[in-house]
Amino acid sequence: MKRIILSILTIALLKSIPINAQTEPTIGLNIGNKAPELSFATPEGANVSLSSLKGKVVLIDFWSSWCSPCRAENPNVVKTFNEYKDKNFKNGKGFTVYGVSLDRSKESWEAAIKADNLTWTQVSDLKYWNSEGAKLYQVRGIPSNFLIDGNGIIIEKNLRGANLREALEKIILKEKTVKDIDNEFDLTIENYKKTLDLILNDYNEKLKIVEPKSEDFNNISKQIKKIEKLKKGF
């Protein structure tokens, strides 16, 4: 009786917990965590939050104008951005970048954005290594980045060179070609034929044990003829 009461209480307790409370992802910096919120000013002075890009696959990119490796990586990010910005992904529509600069000079920051043709969202608090964003994301070296899906979940980290493109290719929704559709059709027909053969075999086995010319015999015979007619159509 005690076990029954305990079970009832446990079920009642679980039902009392909101569904969102059970499924809400943990905010953190590991793959599978929800990326912490960021919100800083653009060069124009408008505050833009990371969450405002929800629905897109986003590369949170920590960089600066004075960082040589960052500047060397920027052409790769630009190329990838232009190639994938309008693509659809498994959990996100479009790809963009949320650039967080560790600059302290606004002029240098703006000049680098223009020189490197960085056309995506750029933000900074201009605090150098005291950047609040860098502290929050535990960034101790740049370039450093986090790739998040349309729900803000971290799916990859520290992608450089071809690794960024490869990560996006893994989650892209590729458009079906005519050949893809043809292959699906052929596979469907093949599976359908196998199903018909299995049913036909079952009917033939039943036919062996029912009384000849009985109602069951006649019904099974009709079904066998239908299946054979279907098979001839392929």
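At-a-glance table
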item: Across 193/225; 54/93; 54/87; 54/170; 54/114; 56/90, pairs whose alpha-carbon gap is larger than 18 Å; result: 54/170; 54/114
item: Rounded tilt (10° steps) of 215-232 against the dominant C-alpha axis of the chain; result: 50
item: Kirkwood hydrodynamic radius of the range 55-115, Cα pairs, Å; result: 12.4
item: Unit charges at the beta carbon, dipole of the range 26-171: most positive-side option, 130, 26, 99; result: 26
item: Most mobile listed residue (114, 87, 34) in the chain, GNM with C-alpha springs under 10 Å; result: 114
item: Using alpha-carbon coordinates, inclination of helix 2-16 to the longest axis of the chain, degrees; result: 60
item: 16 Å Cα-Cα reach of residue 222 towards lysines, excluding residues that sit fewer than 8 places from it in its own chain; result: 206, 208, 213, 231, 232
item: Cβ charges +1 (Lys, Arg) and -1 (Asp, Glu), total dipole of the range 149-234, debye; result: 220
item: Degrees separating the helix 68-84 axis from the principal Cα axis of the chain, which is the longest one; result: 40
item: For the range 178-232, average projected area of the Cα convex hull in nm²; result: 3.9
item: Check: the chain dipole with +1 on Lys, Arg Cβ and -1 on Asp, Glu Cβ, in debye; result: 680
item: Distance histogram for the range 26-171 (every C-alpha pair counted, 5 angstrom bins, percent rounded to whole numbers); result: 2, 10, 22, 25, 22, 14, 5, 0
item: The chain, relative contact order [Cα under 8 Å, separation at least 6], %; result: 20
item: In the range 73-175, GluC sites (Glu not before Pro) in a DSSP loop with at most 15 other beta-carbon atoms within 10 Å; result: 175
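Laboratory data are not the source of any read-out in this text; all were calculated from the coordinates shown. Note that this is a predicted model, so its numbers are computed, not measured. Backbone-built Cβ (ideal geometry, glycine too); neighbour counts: all protein chains shown.
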